[in-house]
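These notes are about the structure you will find just below.
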Amino acid sequence: MKKATFKKGNLQNDGLDFVRQRKFMREALLEVCNPREVILPMIQHRGTACDPVVSVGDSVSIGDMVGVPHDSSGVPVHASISGEVSRIDVIRLPNKVSCKAIWIKNDLRRRVSTKIHQRKNIDTLSLAELKKLLWQSGICGMGGEGIPTFAKCLKAEQAGVDTLLVNATQSEPFLACDLHHIRVNAAKVLQGAMALGGICHVKRVVFCIEDLWTDEIDALNKAVAEFRHRYLDRKIEVQLFKTRFPQGCQQLIIKALYGVELPIGKDPEENVKAVLFNASTCYAFCDMIEKNQPLISRVVTISGDTITGHNVLVPIGTSVSELLERVPGAHTAQRIAWGGAMTGVAIKDLQVPIIKTTAAITIIRKFEPPRMNCIHCGACVSACPVGLSPYLLNRLIELGQEDVTRDESVEQCIACGACSYVCPSGIELSTNIAKAAHRARRRGAK
Ligand code: SF4
Ligand code: SF4
């Protein structure tokens, strides 16, 4: 099979320790069952905020809907533990989103909503019922983008897509939550993907995975062979990609598969008639179909430069602080990232919650980058997967000439962090450029 790929980015032999993931991702999942408290922000997705539908003092069970969106560009929020609503207040998240949030104090009784139960009639669910379940599930893209999955399916249906892509190309070093699902329960990922594919009316489902992950590829192939007979109306394929960072980014998957550069602000639905869902998102929808269980927990990879790492099943809303209590020395780390090593946001306040899109918490202990001026080595240009000149963009930003960066296509930046990673001078290129790109896109939209 021809392996798909794109040009530039970072390869394994660039020093990225992809292989380190193997060891810990194959350990048993550690489950954090009962955090003392959870904080549930009303925006954990890309879209409009939910309104809290509980009040301080209310008692809630696991799976109760506590936040309701105004329209299909939002997703409901559910209680991830049982207990008492202790506070409703405004929170500011590390991704700069400010919104209302609900604090729930755990009663340690693990009371579960009566709505969560094993479903008997899975095979007879109609498309209308599946759509309703998807809306109720509160699922949004769990790979980081957070686009409401219900809204994405509606858009895909309207655009007449023919292909559903499952993104299992977890290319960021130290990140392994999607791969965990593939390895442990590929059948559930497949069934969730096929249900989403049914809603979007696709004729083809393609699982995208990097060639390094041989056990996970075997698990996927086995699941496809086992379930193919149930979906004879659709083609199911497993497509291998060369292991390269940031292959998991939507633009680069489309580029590698279709040879098409997605224009900024455009989605693959319209441009290549394909819709992309993350593997964890597919898994979460299977939970909703099988158990009527909305999105109340997620697998988070806790790793770093000096720890072995673990995948942990975490109730949504658990604070980073509580999550890291079991990681020796975590609080003395030089840097803790809410997210992966390359694309995560550095946090100082560890009281921030794990939300639906938090795939990892990364602990960096040996963070001593050099601090030098640019030596014009060109490494950042060679690494940038979308063909930008990061050193030039950064210089223009430093000189206060941000307007000029638009002539250099700054808005194309996908905030992958590849340029900062390779820079021998330790210049924080990606943070500056990604912010300028965001501002340029906002100005463009106006
Ligand atoms: S400029 Fe943006 S897209 Fe290019 S490598 Fe840096 S962060 Fe990635
Ligand atoms: S990698 Fe760093 S030092 Fe090299 S050209 Fe880019 S900004 Fe300058």
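Mind listing whichever residues of the stretch 262-285 are assigned to a helix (DSSP H, G or I), of a type outside the set (A, V, I, L, M) and surrounded by 24 or more Cβ atoms within 10 Å (Cβ to Cβ)? Within the stretch 262-285, S280, T281, C282, Y283, F285 meet the criteria. Return yes or no: is V386 of a type in the set (A, V, I, L, M, F, W, C) and either part of a helix (DSSP H, G or I) or under 30 Å from S80 (Cα atoms) (or both)? No: the conditions fail for V386.
Comparison of L232, L257 shows that the only residue that is more than 17 Å from the chain's Cα centre (by Cα) and either of a type in the set (G, A, S) or within 26 Å of S409 (Cβ to Cβ) (or both) is L257.
When residues of the stretch 224-253 are filtered for being of a type in the set (K, R) and within 30 Å of C380 (Cα to Cα), how many remain?
Taking the stretch 224-253 as the starting set, the residues that turn out to be of a type in the set (K, R) are 228, 230, 234-235, 242, 244.
Those still in the list that are within 30 Å of C380 (Cα to Cα) too: 242, 244.
The number of residues fulfilling the criteria is 2.
Selection of first residues in the stretch 325-354 that are among the hydroxyl-bearing types (S, T, Y) and of second residues that are assigned to a loop (DSSP other than H, G, I, E, B), restricted to Cβ pairs under 7 Å at least 6 apart or on distinct chains, gives the following pairs, ordered by first then second residue: T343/E172; T343/A415; T343/C416; T343/G417.
Remark: pairs (first residue in the stretch 368-387, closer than 25 Å to I336 by Cα; second residue modelled with pLDDT of 90 or more and more than 8 Å from ligand 1 (Cβ to nearest atom); Cβ separation under 6 Å; 6+ apart in sequence or on different chains) = C380/Y391. Taking the numbered list (1) among the acidic types (D, E); (2) within 21 Å of P148 (Cα to Cα); (3) crowded, with 18+ Cβ neighbours inside 10 Å in turn, E322 passes all entries but (2).
Considered as a group, the residues in the stretch 405-434 that are assigned to a loop (DSSP other than H, G, I, E, B) and within 7 Å of ligand 1 (Cβ to nearest atom) include one that is surrounded by the fewest Cβ atoms within 10 Å (Cβ to Cβ), and that residue is A415.
Condition test on C374, is it closer than 24 Å to K266 by Cα and either assigned to a loop (DSSP other than H, G, I, E, B) or not assigned by TED's automatic domain parsing to the domain that holds E261 (or both)? The answer is no for C374. Do the conditions hold for F6, that is, is it assigned to a loop (DSSP other than H, G, I, E, B), aromatic (F, W, Y) and either modelled with pLDDT under 95 or out of contact with any helix residue (DSSP H, G or I) (no Cβ under 9 Å at 6 or more places or on another chain) (or both)? In short, yes.
Step by step: first the residues of the stretch 62-82, then only those that are in a loop (DSSP other than H, G, I, E, B) and within 15 Å of I316 (Cβ to Cβ), then the one that is modelled with the lowest pLDDT. Which residue is that? Don't jump to the end; show me each part of the working.
Filtering the stretch 62-82 down to residues in a loop (DSSP other than H, G, I, E, B) leaves 63-64, 70-76, 79-82.
Narrowing the set further to residues that are within 15 Å of I316 (Cβ to Cβ) leaves 63-64, 75-76, 79-82.
On the way: G63: 97, D64: 98, V75: 94, P76: 97, A79: 98, S80: 98, I81: 97, S82: 97.
If we take residues in the stretch 62-82 being in a loop (DSSP other than H, G, I, E, B) and within 15 Å of I316 (Cβ to Cβ), then V75 is modelled with the lowest pLDDT.
Please state which one of V206, V202 is farther than 23 Å from T358 by Cβ and part of a strand (DSSP E or B).
On the way: V202 fails: part of a strand (DSSP E or B).
Just one listed residue meets the conditions, V206.
The values are calculated or read from the model by the stated rules, or taken from the named source; none is laboratory data. Only a predicted model underlies this, so the values are computations on that prediction, with no experimental measurement involved. Counting neighbours? That spans all protein chains shown, and the Cβs are built from the backbone with ideal geometry, glycine included.
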